[in-house]
Amino acid sequence: MLAKIENNIKRMMGWCPQKDLGFMQAGDTKHRTGKHDFCTEYGDMQKKRREKVLVDVPVLDSGMIRILLPVWIVGFMLMTIINHYSILDFFIIFAYYLALLLVVLQNRTTVELASGTIIIHRPFLRSIVIQKNEVTKTQVTKNFAHRTRWIFRPFALIFLIFVATHNINAIYINIEQSLPMLVTILNIFSIPLITVMSAVFFYNFEIRTHYQAILNVTINKRQFAFYLDNPDEFSVMLQHTGEVTFDG
């Protein structure tokens, strides 16, 4: 039992059973067997196969619509139908915040280059599998966000300050008024929603400004955008034999 636990711990720490063999063997024995080298190369290959890459997925393929659209529709209908404040409003507003959190988390994508496939892993959503032989075109284009970042950033900052200041004033007014406790809490909870939405939008734009170029991968008229420091090298790793173009 203890041996099994020890082996599990070693496996979690990335231990390779051939490493101990390599240390015990003398001279060039580990090089003669090649087992130790295989473990090292296999570990490096695993690191290369799955990397953290920011990917924009087509809206219809992202699965976000099936989550966000019902939330917005149901929330809007409930707020329209229910004329009085209730504890249900907390869940409606909370659902909006969760939807925005999901939008932020979708930037934490990882890409796995498996044999013949490209797998895009996303938090809380199913992975998207792209067959390499179905890729019809790869195109490296200049990143619009990177080119316009110095124009967009001051505007975004000024807008956020304006909206946040307006929200703070609105919260202060609600606290000063002699409203029921439930109404006051709901207002304080819901007022910053516009600010949070704006911050999420600007955050999504900002994290894309760090990349000078984008690798657009087209498959069945659907386009996936990969944000990479070296899009040309990644395009080669796709083993794509179709059309490859470079824009600028």
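The values are calculated or read from the model by the stated rules, or taken from the named source; none is laboratory data. Fair warning: this is a prediction, and the values are worked out from it, not measured in the lab. With ideal geometry, Cβ positions are generated from the backbone for all residues, glycine too; neighbour counts draw on all protein chains shown. Remember, those area values only see protein heavy atoms, side chains included, never the ligands or the DNA or RNA. Shrake-Rupley method; radii C 1.70, N 1.55, O 1.52, S 1.80 Å.
The table that follows gives values for the structure above.
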{"item": "Long-range neighbours under 8 Å by Cβ, at least six apart or interchain, first residue hydrophobic (A, V, I, L, M, F, W, C) within the range 120-135, second part of a loop (DSSP other than H, G, I, E, B)", "result": "Ile120/Val57; Ile120/Thr109; Leu125/Gly63; Leu125/Gln106; Ile128/Val57; Val135/Leu238; Val135/His240; Val135/Gly242"}
{"item": "All positions within the range 163-195 that are within 30 Å of Val55 (Cβ to Cβ) and surrounded by 16 or more Cβ atoms within 10 Å (Cβ to Cβ)", "result": "Val163, Pro192, Thr195"}
{"item": "Answer residue from the range 74-87, given it is loosely packed, with under 12 Cβ neighbours inside 10 Å and of a type outside the set (Phe, Trp, Tyr) and is nearest to the chain's Cα centre (by Cα) among those", "result": "Met77"}
{"item": "Residue ranges of helices (runs of 4 or more DSSP H) in the range 142-248 with at least 1 members out of contact with any Ser or Thr (no Cβ under 6 Å at 6 or more places or on another chain) and modelled with pLDDT of 85 or more", "result": "144-147, 149-176, 181-190, 193-208"}
{"item": "Criterion (at pLDDT 85 or above, in a helix (DSSP H, G or I) and β-branched (Val, Ile, Thr)) met by exactly one of Val103, Val111", "result": "Val103"}
{"item": "Conditions (1) without any contact (Cβ under 8 Å) to a residue 60 or more places away in the chain; (2) exposed (fewer than 11 other Cβ atoms within 10 Å of the Cβ): number failed by Val71", "result": "(2)"}
{"item": "The range 51-79: number of residues that are in contact with an Asp or Glu (Cβ under 9 Å, 6 or more places away or on another chain) and over 23 Å from Arg222 (Cβ atoms)", "result": "2"}
{"item": "Close pairs (6 angstrom Cβ cut-off, 6 or more residues apart or separate chains): within 16 Å of Ile120 (Cα to Cα) in the range 217-234, among the hydroxyl-bearing types (Ser, Thr, Tyr) anywhere", "result": "Val217/Thr138; Thr218/Thr136; Tyr227/Tyr211"}
{"item": "Verdict on Ile118 being at pLDDT below 90 and either open to solvent by 30 Å² or more (accessible area, probe 1.4 Å) or in contact with an Asp or Glu (Cβ under 9 Å, 6 or more places away or on another chain) (or both)", "result": "yes"}
{"item": "Flag if Ala145 is over 25 Å from the mean Cα position of the chain (by Cα), surrounded by 12 or more Cβ atoms within 10 Å (Cβ to Cβ) and of a type in the set (A, V, I, L, M)", "result": "no"}
